[in-house]
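Shown next, in structure tokens, is the structure this report addresses.
Here, each number is a calculation from the coordinates, and none is a lab measurement. Everything numeric in this text was worked out from a predicted model, so none of it was measured. Glycine also receives a Cβ, built like all others from the backbone with ideal geometry; neighbour counts cover every protein chain displayed.
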Amino acid sequence: MSWIKRNLAFVISLTVAAALLIGGAVYLFSTQSEAEAATGELEAKKNEYDTLVKREPYPNAKNIDLAKAEQVRFNTLKSQALATFSQYPSVGVMDDASFKALLTRTISDLERSAERKGVKLPTGADSTSGSTSGSASKYNFTFNTQRRELRLPPNTLQPLVLAVTDIREFTEILFASKIHSLLHIKRSAIGTNELAGSGDILSKKVSTNTVIGAGIFPYEVQFQCFSSELGDVLTRFVGHPTRTFSRHST
């Protein structure tokens with residue numbers, strides 16, 4: 001102890017030097033770890049850059065010009081595709097009475113057309129008149145709900161008109177081809193009062209092709225016929241002049 005007292009300044013200096021040495025070693029190890037991490041990150045970025053540089057097609061002037069040419073070609077094909085699709089028909093001002101008159105007239109026309117062509121229609125799911133006599137109810141071409149309800153939601157009127165138009169057009173094609181019998185037609189639900197996947201309503205919903213803005217309205221039609229009538233149906237579908245079975249919105 002007497003030696004430490006006599007050399008107190010030396011001991012303090014030695015302690016400080018040891019502390020500085022330890023601190024320096026800790027700092028060296030920490031900076032070395034950070035340097036290794038930075039080196040690893042730099043190497044990963046370099047590998048990523050090498051991968052991008054070697055990837056085909058490389059974004060040089062030639063490939064950029066090719067990409068622009070493909071964009072022009074795509075726009076041309078898009079314009080041609082849009083020409084194949086008809087616009088939504090304008091329905092004008094439509095209310096419950098107007099729609100029900102249109103629906104009644106359309107169903108009557110289709111019934112007469114089926115009778116003239118000798119096409120058997122399915123029996124309706126329910127009667128629109130509320131009769132309980134047990135007689136077969138008329139077929140409403142998927143519009144049982146609309147013929148039964150007194151008032152319809154205003155936001156469903158235009159989609160319903162489009163559905164009536166579509167069903168009339170492709171049903172008339174079937175009748176013109178003189179199929180033997182129409183078994184059923186199903187369409188997507190319109191409004192909250194139609195339960196998807198039940199009765200004449202499909203579980204599929206209306207969708208939109210985001211590339212060309214085409215609205216996709218799913219329908220399911222089942223009918224009986226011979227192969228000759230089937231060939232005529234397909235020919236009439238392909239050659240239909242108005243192409244209203246495919247629509248797009250703008």
Contour minus Cα-Cα distance for ALA67 and ARG116 (0.36 nm per residue): 11.9 nm
Counted charge near CYS225, where neighbours are those whose Cβ lies closer than 14 Å (Asp, Glu -1; Lys, Arg +1): +2
Entries in LYS54/LYS78; LYS120/LYS205; LYS138/LYS186; LYS100/LYS205; LYS45/LYS68 that, when Cα-Cα distance is taken, lie over 22 Å: LYS54/LYS78; LYS120/LYS205; LYS100/LYS205; LYS45/LYS68
Where labels lie 7 Å past Cα in the beta-carbon direction, separation of GLN80 and GLU48 in nm: 4.1
Amide proton proximity set for SER181, modelled H, under 5 Å, gap of 5+: LYS120, GLN224
